[in-house]
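Colleague: Below you'll find the structure I mean.
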Amino acid sequence: MKVDKQKQKPRRVRTLFLSDLHLGTRGCQAESILDFLKAHEADQIFLVGDIVDGWRLRQSWYWPQAHNDVVQKLLRQSRKGVRVVYVPGNHDEFARDYVGSTFGGVEVLEETIHTCADGRRMLILHGDKFDTVVRNMRWLALIGDQAYDFAIWLNHHIARMRRWLGLPYWSFSRWSKDKVKRAVSFMTAFEDAVAHDARRHGVDIVLCGHIHKAAIRQIGGIEYVNTGDWVESCTAVLENFDGSLEMCHWHDRQGEISKAQTWKAQEKLAA
């Protein structure tokens with residue numbers, strides 16, 4: 001029995017943080033982004049880089065309706081009075097030419113400080129400035145981008161097979177990165193560099209994206225937060241009205257919602 005998802009009441013939060021949507025690529029899970037945005041209402045939304053993948057769009061144009069719907073959904077949020085802040089990343093570095101400007105109510109900032117409801121100060125930036133490959137060896141970053149696209153393509157076909165077998169979602173590309181020692185070493189160095197920069201700014205929290213590895217943990221007295229991505233993990237960070245931060249794994253959350261809706265529908269039929 002098909003259950004109407006629109007009847008699910010949106011969850012109210014103070015702030016949403018999302019990064020690495022990579023709109024304009026085949027790996028972008030735009031439908032999941034739309035479902036997530038429909039399921040949450042916030043006073044503020046921070047888009048923390050790599051929202052649109054300019055690297056990929058320069059090579060070949062790919063922009064289906066669902067990707068356009070994501071952009072329109074975010075613009076509608078701004079028109080409704082939600083503060084929307086766009087912090088560009090390396091894949092959408094073209095937007096850095098417009099830092100300090102506002103388009104359609106969306107503020108474009110290089111990086112910014114956000115004050116949480118409990119008074120803690122959070123530095124928000126994409127994080128690519130700490131990636132020496134992106135900053136100093138752009139050609140190697142582009143090769144890595146091609147390899148990553150292949151991993152995402154393979155991941156898509158594995159996910160389809162697992163759905164057919166009734167198995168839960170599992171990311172091959174994320175698993176492969178976790179198994180590569182050099183990648184793990186890079187991520188640790190990246191996280192340490194981001195936390196060091198946060199200490200220099202005198203903040204309590206630093207929030208970034210870029211490496212597609214969602215996390216909330218303490219590093220040397222700084223709360224390090226990475227929003228993850230919407231290509232592999234479909235994760236976002238929520239700030240509740242008490243200032244606490246929460247990682248949302250949307251694939252898992254969708255499963256919980258689906259099970260709850262199915263149970264309610266079965267209960268209604270039984271009655």
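Coordinate-derived values only; no laboratory data. Here the structure is a predicted model, which means the values were calculated and not measured. In this analysis, Cβ positions are derived from the backbone assuming ideal geometry, glycine residues included, and neighbour counts consider all displayed protein chains.
Colleague: Once you order the gyration tensor axes a ≥ b ≥ c over the Cα atoms, which shape class does segment 35-86 get: rounded for a/c under 1.5, otherwise prolate or oblate by comparing a/b with b/c?
Modeller: Working: a/c = 2.59, a/b = 1.83, b/c = 1.42.
Prolate, because a/c is 1.5 or more and a/b exceeds b/c.
Colleague: A further question on this structure: Going by how many other beta carbons lie within 10 Å of each one, how would you line up Ser32, Ser78, fewest first? Spell out each step's value before the answer.
Modeller: On the way: Ser32 15, Ser78 18.
Exposure proxy ranking, most exposed first: Ser32, Ser78.
Colleague: Run through all the Cα pairs of segment 13-140 and give the fraction in each 5 Å bin from 0, expressed as whole percent.
Modeller: Result returned by the calculation: 2, 10, 19, 23, 22, 14, 7, 3, 1, 0.
Colleague: Could you put Trp164, Trp250 in order, starting from the residue whose Cβ has the fewest other Cβ atoms within 10 Å?
Modeller: Trp164, Trp250
Colleague: Still on this structure, I have one more. Students often get this wrong, so check it: of Lys129/Lys213; Lys9/Lys80; Lys38/Lys129; Lys80/Lys213, which have C-alpha atoms separated by over 24 Å? Walk me through the numbers on the way to the answer.
Modeller: Numbers: Lys129/Lys213 17 Å; Lys9/Lys80 18 Å; Lys38/Lys129 32 Å; Lys80/Lys213 31 Å.
Violating the 24 Å Cα-Cα cut-off are Lys38/Lys129; Lys80/Lys213.
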